[in-house]
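Q: Handing you this structure, nothing more for now.
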Amino acid sequence: MSSTPGIRLSVNATGPAPSDAQFRWSASYGHFLSWNAPDFRVTGLGNPYMNSGETIYWAFIEKPASTKEPVVVTVTAKDGKTGAVLGISTVILDWDGDYAVHVREIR
């Protein structure tokens, strides 16, 4: 049994960012979850999902129709007041069998 509900994703940004920055998370497959203290209850967040930079998790329930295509998870940071894009980052996950993934690349 796993000790986490999915792959942990968190914002690791450098430089000044507005305090009202918003982060849009999207994935080509799967969905996002929250899992936080004090009760550590898993809550489905959907896909895509917007937050203020809190840690979330990526997971999936059913095996994909094909494992040939990687899963692409993207986070886009925007200024909450102007909507200007502050940065974009992507994680590419390759399938390892039908029910596991590993990180191929972080851009």
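The values are calculated or read from the model by the stated rules, or taken from the named source; none is laboratory data. Predicted, not measured: the structure shown is a model, and the values here were computed from it. Virtual Cβ from ideal backbone geometry, glycine too; neighbours counted across all protein chains shown.
Q: Go through region 90-107 and count every residue that is part of a strand (DSSP E or B) and either under 16 Å from residue 12 (Cβ atoms) or modelled with pLDDT under 95 (or both).
A: 8
Q: Can you go through 14, 67 and tell me which one is loosely packed, with under 11 Cβ neighbours inside 10 Å, over 13 Å from the mean Cα position of the chain (by Cα) and among the polar types (S, T, N, Q)?
A: None of the others qualify; the one that does is 14.
Q: I would also like to ask the following. For region 29-72, which residues satisfy the criterion of being part of a strand (DSSP E or B), of a type in the set (A, V, I, L, M, F, W, C) and closer than 17 Å to residue 91 by Cβ?
A: Answer for region 29-72, where residues must be part of a strand (DSSP E or B), of a type in the set (A, V, I, L, M, F, W, C) and closer than 17 Å to residue 91 by Cβ: 32, 33, 45, 56, 58, 59, 71, 72.
Q: Could you tell me which of the residues 82, 76 is surrounded by 11 or more Cβ atoms within 10 Å (Cβ to Cβ), free of Cβ contacts under 8 Å to residues at least 60 places away in the same chain and of a type in the set (Ser, Thr, Tyr)?
A: Answer to the selection: 76.
Q: Please pick out the residue among 34, 52 that is among the hydroxyl-bearing types (Ser, Thr, Tyr) and over 14 Å from residue 6 (Cβ atoms). Lay out the reasoning, then the answer.
A: Values: 34 fails: over 14 Å from residue 6 (Cβ atoms).
Exactly one residue qualifies, and that residue is 52.
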